[in-house]
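The values are calculated or read from the model by the stated rules, or taken from the named source; none is laboratory data. Computed from a predicted model, the values in this text were never measured in an experiment. Don't worry about glycine lacking a Cβ; one is built from the backbone with ideal geometry, like all the others, and counts go over all protein chains shown. Note: accessible area is taken over every heavy atom of the protein model, side chains too, but ligands, DNA and RNA are not part of it. Shrake-Rupley method; radii C 1.70, N 1.55, O 1.52, S 1.80 Å.
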Amino acid sequence: MTSPAQPPGAHLPEHPDFLWDNPEPKASYDVVVVGGGGHGLATAYYLAKVHGITNVAVLEKGWLAGGNMARNTTIIRSNYLWDESSGIYEHSLKLWEGLEEDLGYPILFDQRGVLNLAHSLQDVRDSVRRVNANRLNGIDAEWVDPAGVKEICPIVNISPDVRYPVLGATYQPRAGIAKHDYVAWGYARAAHAMGVDLIQNCEVTGLETSGGRITAVQTSRGRIAAGKVALCAAGHSSVLAKMAGIRLPLASHPLQALVSELLEPVHPTVVMSNAVHVYVSQAHKGELVMGAGIDSYNGYGQRGSFHIIEQQMSAALELFPVFARAHLLRTWAGIVDVSPDASPIVGLTPVGGLYLNCGWGTGGFKATPGVGDCFAHTIAHDKPHPFNEPFTLERFTTGALVDEHGAAAVAH
């Protein structure tokens, strides 16, 4: 059970050489993207490819893709309840399906499907409702009974005698996983080839404005004039926005996960449970990837409370008794921004030329191509793309919230 496993035909590239380059910032850029994770790199790529804007700098205070991009679920799906959410996530999933060819780089996107388990009659009602909503929006979704769950994922325990009995599940066959670091490198490589500057070890320490418009960013590597500035720093968006005098309705929380030792292939799909806030998949190299819901306290520390992950793993072992024999390899935590309605904030700000992409909670990775495309459109045209128009900052004034807190079948 403990032999390393490689997926058939997987091509595992080395780190691209350009990642070790770290150019000196130019005096000015048309667009400065703050945050060198998946969303920041995707935004820069689509600015260059789709809109022809190549005088772009991506600023990262650490190393490229070293933040939440390196600490995520790797899960990709679009089976959200509300029209607004399913719209942007389905747009993203369609881009995922052609992303490897688009970037010319392997991302190991594996459409192995996602099961969202139901453990109570209310779970069943909510899940069937979501399946019907998905179908109305043209998203592949189906309801499966416990026997169907067992057929898709034979190692799930569907006994009626456990604490959280499986009464069925929603299933999205087109959903799956991708290798997150390859996704980041693919976007970075393609953006770099089109002239985008990728500047690491460059922390933003201030935002300069004049006449109600952004003019420059102050960094640990000097002042950089900017025509437009896009904030894509997961977990720290409110800190950055405050530099421009904007108070965001966000709370930052730790989010924990872990991986096991390398195993032979035993888990053919992705299984998620809203009732216990746990998800389980198996990575391409063979590790089991398990994670929990967010820690309830606010904080910027990349660590979490032990009792949270302990409770989630206890529930996971009821669902997958065979995993009790696996050994822990490593644990970690990321920092996620959570908005009042658990939906993202993507769009313009009261400061001219300053744009926000934040508040994704645990949904950021799966949105990477879609929001990169939509955010680049928003920056280029100074107007929201139709897919991110429902997620502007103004909704917290108008009351047009997109409340995915209980609707997303666990927010991962």
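What to note about this one:
- Segment 294-318: number of residues that are open to solvent by 10 Å² or more (accessible area, probe 1.4 Å) and touching a residue at least 60 places away in the same chain (Cβ under 8 Å): 4
- Helices (runs of 4 or more DSSP H) fully within segment 111-195 that include at least 3 residues being polar (S, T, N, Q) and either within 20 Å of the chain's Cα centre (by Cα) or farther than 30 Å from residue 45 by Cβ (or both): 121-136.
- Subset of segment 227-260 (residues that are open to solvent by less than 10 Å² (accessible area, probe 1.4 Å), among the aliphatic types (A, V, I, L, M) and in a strand (DSSP E or B)): 229, 230, 231, 257, 259
- When residues in segment 261-271 are screened for being among the hydrophobic types (A, V, I, L, M, F, W, C) and either over 16 Å from residue 326 (Cβ atoms) or open to solvent by less than 10 Å² (accessible area, probe 1.4 Å) (or both), 3 of them pass.
- Matching residues, segment 320-338, being hydrophobic (A, V, I, L, M, F, W, C) and in contact (Cβ under 8 Å) with a residue 24 or more places away in the chain: 320, 322, 323, 326, 328, 329, 332, 333, 335, 336, 338
- Residue within segment 261-271 that is within 30 Å of residue 396 (Cα to Cα), outside any loop (DSSP other than H, G, I, E, B) and touching a residue at least 40 places away in the same chain (Cβ under 8 Å) present: no
- Unique match (being out of contact with any strand residue (DSSP E or B) (no Cβ under 7 Å at 6 or more places or on another chain), open to solvent by less than 20 Å² (accessible area, probe 1.4 Å), hydrophobic (A, V, I, L, M, F, W, C) and modelled with pLDDT under 95) among 408, 376: 408
- Within segment 160-214, considering residues that are open to solvent by 50 Å² or more (accessible area, probe 1.4 Å) and of a type in the set (D, E, K, R), the one nearest to residue 273 (Cα to Cα): 163
- Of everything in segment 317-338 that is out of contact with any His (no Cβ under 8 Å at 6 or more places or on another chain) and of a type in the set (Val, Ile, Thr), the residue that is modelled with the lowest pLDDT is 331.
- Odd one out for residue 223, checked against (1) open to solvent by 40 Å² or more (accessible area, probe 1.4 Å); (2) closer than 25 Å to residue 347 by Cβ; (3) at pLDDT 95 or above: (2)
- Top-ranked residue of segment 272-291 - restricted to ones that are under 25 Å from residue 305 (Cα atoms), over 19 Å from the mean Cα position of the chain (by Cα) and touching a residue at least 60 places away in the same chain (Cβ under 8 Å), ranked as most open to solvent (accessible area, probe 1.4 Å): 275
- Taking the criterion of being closer than 18 Å to residue 182 by Cβ, touching a residue at least 40 places away in the same chain (Cβ under 8 Å) and under 17 Å from the mean Cα position of the chain (by Cα), the residues of segment 46-78 that qualify are 64, 65, 67, 68, 69, 70, 71, 72, 73, 74, 75, 76.
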